[in-house]
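Reading through the structure tokens given below for one structure.
The values are calculated or read from the model by the stated rules, or taken from the named source; none is laboratory data. It should be emphasised that the depicted structure is a prediction, and the values quoted were computed from it without experimental measurement. Here the Cβ positions follow ideal geometry from the backbone for every residue, glycine too, while neighbour counts run over all protein chains shown.
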């Protein structure tokens, strides 16, 4: 979607287990209990549902600009600075191959261009063209309206906290690897 400047919570994360105690983030208090497993399941189901909801609304917002949600995601990633495909993939949590395919489509349509990368000769930088910036500007009114409606529904403070919690969850997931079977 559009650019977002993450706000980091400087306070240490706490895990409130079923026992009511606290353990530092990364601690093992109550790990593996049915209650903790249920929290993971609830979180995953909620994130899957939100993903579907955000994809659906993103498709609607992007359509008038002649974009798809995926095209908007990649184009939006390079609005403020050109990035290599691998950097976009890391930032968005999607595969490099998916980003490459979309970047090539955006370039074919004149919405982005590849620039030389002084840090890496082979990894070109993706950069929006004026046509790409114009496409994004056509999305902004609907995006602003949705943001205002969500802020009104949640309250601005709760909306900001929701963003912080999701950022912390994503950062925590980045540090984990699936357990070996």
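The table that follows gives values for the structure above.
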{"item": "Positions within segment 80-118 being part of a helix (DSSP H, G or I) and under 16 Å from the mean Cα position of the chain (by Cα), in sequence order", "result": "85, 86, 87, 88, 89, 90, 91, 92, 96, 98, 99"}
{"item": "The lone exception for residue 67 - which of (1) assigned to a loop (DSSP other than H, G, I, E, B); (2) touching a residue at least 60 places away in the same chain (Cβ under 8 Å); (3) within 16 Å of the chain's Cα centre (by Cα) it fails", "result": "(3)"}
{"item": "Flag if residue 62 is surrounded by fewer than 17 Cβ atoms within 10 Å (Cβ to Cβ), at pLDDT 95 or above and either closer than 18 Å to residue 122 by Cα or out of contact with any strand residue (DSSP E or B) (no Cβ under 8 Å at 6 or more places or on another chain) (or both)", "result": "no"}
{"item": "Segment 91-105, residues that are in contact (Cβ under 8 Å) with a residue 24 or more places away in the chain and in contact with a helix residue (DSSP H, G or I) (Cβ under 6 Å, 6 or more places away or on another chain)", "result": "99, 102, 103"}
{"item": "Any hit, segment 138-153, residues being touching a strand residue (DSSP E or B) at 6+ places or on another chain (Cβ under 7 Å), touching a residue at least 40 places away in the same chain (Cβ under 8 Å) and over 28 Å from residue 44 (Cα atoms)", "result": "no"}
{"item": "Among the candidates 31, 38, residue that is at negative phi, more than 20 Å from the chain's Cα centre (by Cα) and modelled with pLDDT of 95 or more", "result": "38"}
{"item": "Which listed residue is crowded, with 16+ Cβ neighbours inside 10 Å, within 19 Å of the chain's Cα centre (by Cα), modelled with pLDDT of 95 or more and farther than 22 Å from residue 48 by Cβ, from 142, 132", "result": "142"}
{"item": "Selection from segment 48-64 of residues that are within 25 Å of residue 169 (Cα to Cα) and touching a residue at least 60 places away in the same chain (Cβ under 8 Å)", "result": "57"}
{"item": "Filtered residues of segment 80-90 (kept if surrounded by 14 or more Cβ atoms within 10 Å (Cβ to Cβ) and either under 25 Å from residue 146 (Cα atoms) or touching a residue at least 60 places away in the same chain (Cβ under 8 Å) (or both))", "result": "88"}
